[in-house]
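Written out below as structure tokens is the structure these notes cover.
Every read-out reported here was derived from the displayed coordinates using simple, explicitly stated rules and does not represent laboratory data. No experiment lies behind these values; they were computed from the predicted model shown. In this analysis, Cβ positions are derived from the backbone assuming ideal geometry, glycine residues included, and neighbour counts consider all displayed protein chains.
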Amino acid sequence: MTSNEVPNARESTSQSTGQPAGGLATGWVYVRVALDVPLAGPFDYVATNSILVGSRVVVPFGRRRLIGVVLATDIEPSIERSTIRAIERVLDDLSPLPPTWMALSQFAAHYYQRPVGEVMLPALPVPLRRLSHYEGKRSGEGPVVKWQARRAKAKSPLGVSLETPDKPVPVELNDEQTAAVQALSASQGFNAYLLHGITGSGKTQVYLAAAAQVLLRGGRVLFLVPEINLTPQFAAALAHRLGEVVPPSGVAVLHSGLSDGERLDAWLRTFDGTARIVLGTRLAVFAPMVDVDLIVVDEEHDPSYKQQEGLRYSARDLAIWRAQQSDAVIVLGSATPSLESWYRAEQGQYRRLTLTQRATRTTLPEVRLIDTRRLKLEQGLAPVLIEAVEETLAQGKQVLMFLNRRGYAPVLHCESCGWVSQCDNCSVFAVLHRQGPQRLRLQCHHCGTQRRAPSACPVCGDQDLQPMGRGTQRLEEHLAERFPQARLARIDADSTRRKGSAQSLFDRVHAGEVDILIGTQMVSKGHDFENLGLVGILNADSMLFSQDFRAPERLFAQLMQVAGRAGRHASAQTVEDGQDNPVTPARVLIQTGYPEQPVYQALKAHHFAGFAQSLLRDREGAGLPPFAFQALLTAEAAELPQALGFLESARAGAQAWLTEQGLTDSVVLYDVVPLRVVKVAGVCRAQLLIESTVRGDLHRLLRGWLPSLGQRHGAQRLRWHIEVDPLEI
Ligand code: ADP
Ligand code: ZN
Ligand code: ZN
């Protein structure tokens, strides 16, 4: 991907440009256009009239015609003038994209080292960037005019209705919440706040109260949530609190689960300013708001804010940039903030707001560790855990069993010869799944391939194949046998494949139709189970000894979230009577073979701050983020040596560049290594980690060195990408 490979306008012939012979007449301008093509650009064109930055235009590109966005006008062309082709058409059904949006996209492209067109165009709704929507048979006057017509005809205004059947119950904020809201509303200009509130402390009410004040002043709010399935719940919360302030058309929801039409509608209402609240997942950080006054990033630590393909961006980090650029207030909320954010709060870059109490006057659940080392487990369950389930069910409360491993068993195994089920295309085990009583299948969780589970060992022919370990299906099976009276439900990626099935399972739990819920991480986020008396956590140790230095941080966050599902509500009776019935507080039981590990001790003590402090000390000692900045170059090839060879060559190039620039002391190049799961879907992967304590030096290297990578050894026969601030290493 070097700039001299670019077959852009310079390949074109002047005959096709329509330029007047003998040079340019006055009024002709050169413009630079962003195009969504995997080439670095720049792409320069000529226009017959002056043209505004941010306009969408139709241009010829090679033998194709594409929609692009004008980045700059009156430029000095980067190529021979006579070869420059003309812009065919300006799409004037929309005014130009706002400067703030252009700046954000350009910053993202620059920071994450991608061509700007690969940032801008995918951020637009499909109809606005595909020529077929303008020139197709049924395109009429284009998608925007069609949308306007649809809007004019619609009986009820388009948008998200904030009407709710039940009357909003006004919530009186407690002192800590009030203090947080006051701090936010008193804030002038750009300020970043870290809202650290324990699970159930009522962070949502703080966001909503702060948002209400902004909206009443005529301002705009951008709400980011980590997952699509949290948007309905958030929209409902907005409805309760803000329904009177904002009409349905004033709310836009943006996420990747929308149809093209829905996305277009939400996007256009944001663009034309009708929507004053934008709620969405990470892609909503690119919402085309001209101006924003408050940005909320809920569960800011959540890895879902990081896009894992194409433009590998962090929506949280871009949101901070966006807030800064718009002079807005930004709130990052979490019970378990990322160490990056925590560190910035320690440094005073972010102001910390703390909620130490549960809003519903309940206490935090009691966390106990079950040391499994000397215990005889029954199908993976400790006797105390089984007793606790019995007790909880007897009290008429619900149980959540958390096991972050879907399927029946992680592997099928031959006891006589040691054969284990493996995926043919990946370097991982094939997971045993049960589909119906007699149907066992082997499924790869990396590439998705499936096959029937063999009934006899493919190597020695022994018929005694055994599942090893357990996943949610097997746990469910065992619990159903053990507690035949209990009503069970399992929530994981398999049980919720059909659209809407996750919601209906959650609804059953909320309606009290489920006694024991078995779930993976899907159950850990956002959901508020009123009657949950016990959380059992199984197999957490598998995350304890990962090579990734973020593993303890992530394990803590995940277990804290799961544990936080418990006991969020005082029993209705206690509240009504105003007396303290001796209700057993909710319990969290963690099975572990390593109870002395700091992460478990910190969970037991509910002590995030202490844990964060000790992790930060470790990171500082090891020179890891947030005390250093990283970039990760990953190569994928048919054979591992190709990937390794390319990365070695790339590494040598980086080394040479650093030497030349005198930066060898500042930037560290790690050894080239295969990924932990080296092969996925027949492709072998390896990586090169680059690190510096000076962010600017790291970026100087990337800018100086990346453009030459395309010429490196074997670059044509493999795929590679760079990730800035990688989350997983
Ligand atoms: P968090 O996001 O901090 O985990 P939530 O915002 O989900 O917590 O709030 C937890 C529960 O407390 C919710 O049911 C919410 O309605 C309730 N709640 C929040 N603030 C108050 C308050 N001031 N008084 C009573 N209940 C509250
Ligand atoms: Zn065998
Ligand atoms: Zn596979």
Review point. Between residue 379 and residue 141, what is the label-to-label distance in nm when each label sits 7 Å out along the Cα-to-Cβ direction?
Key: 6.6
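Looking at segment 412-457, which trypsin sites (Lys or Arg not before Pro) are DSSP coil and have at most 14 other C-beta atoms within 10 Å of their C-beta? Mind showing how you got there, number by number?
Details: sites: 434, 439, 441, 451, 452; in loops: 439.
The qualifying sites are 439.
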**Study point:** For peptides 197-208, 130-141, sequence by mean Cβ density within 10 Å, most packed first
**Key:** 197-208, 130-141
Review point. Over what distance in Å are the Cα centres of segment 334-393 and segment 70-146 separated?
Key: 48
**Study point:** Rounded tilt (10° steps) of 175-186 against the dominant C-alpha axis of the chain
**Key:** 10
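Sort 116-122, 607-613 by packing, meaning the average of other beta carbons within 10 Å per residue, with the highest value first. The partial results should precede the final answer.
Working: 116-122: 22.7, 607-613: 16.9.
Highest to lowest by the protection proxy: 116-122, 607-613.
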Revision key, fill the gap. Taking the dipole of the chain about the Cα centre (Lys, Arg +1; Asp, Glu -1; charges at Cβ), the one of 621, 43, 278 that reaches farthest to the positive side is 43
Exercise for review: Amide H neighbours of residue 258 under 5 Å, at least 5 residues apart or on other chains, H built in the peptide plane: list them.
Suggested key: none
Check your understanding: Do you know the relative contact order of the chain, to the nearest whole percent, from alpha carbon pairs under 8 angstrom that are 6+ apart?
Key -> 11
Review point. Nearest 10 degrees, 0 to 90: what angle lies between the long axis of helix 203-216 and the longest principal axis of the chain (Cα atoms)?
Key: 40
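Taking the DSSP beta bridges in the chain as the whole, what percent of them are antiparallel, to the nearest 5?
Details: 56 of 109 bridges.
Of all bridge pairs located within the chain, approximately 50 percent are antiparallel.
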Check your understanding: Distance in nm between label sites at residue 244 and residue 596, each 7 Å beyond Cα in the beta-carbon direction?
Key -> 5.9
**Study point:** Sorted by Cβ neighbour density within 10 Å, fewest at the top, the residues 304, 326, 50
**Key:** 50, 304, 326
Review point. So how far, in whole Å, is the C-alpha centre of segment 428-473 from the one of segment 501-534?
Key: 28
Revision key, fill the gap. Each label sits 7 Å from Cα toward the beta-carbon; between residue 190 and residue 462 the label points are separated, in nm, by 6.5
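Would you mind calculating the relative contact order of segment 76-152 from Cα pairs under 8 angstrom and at least 6 residues apart, reporting the percent as a whole number? Please report the intermediate quantities before stating the final value.
On the way: 31 pairs, mean separation 14.8, N = 77.
Computed over segment 76-152, the figure is 19 percent.
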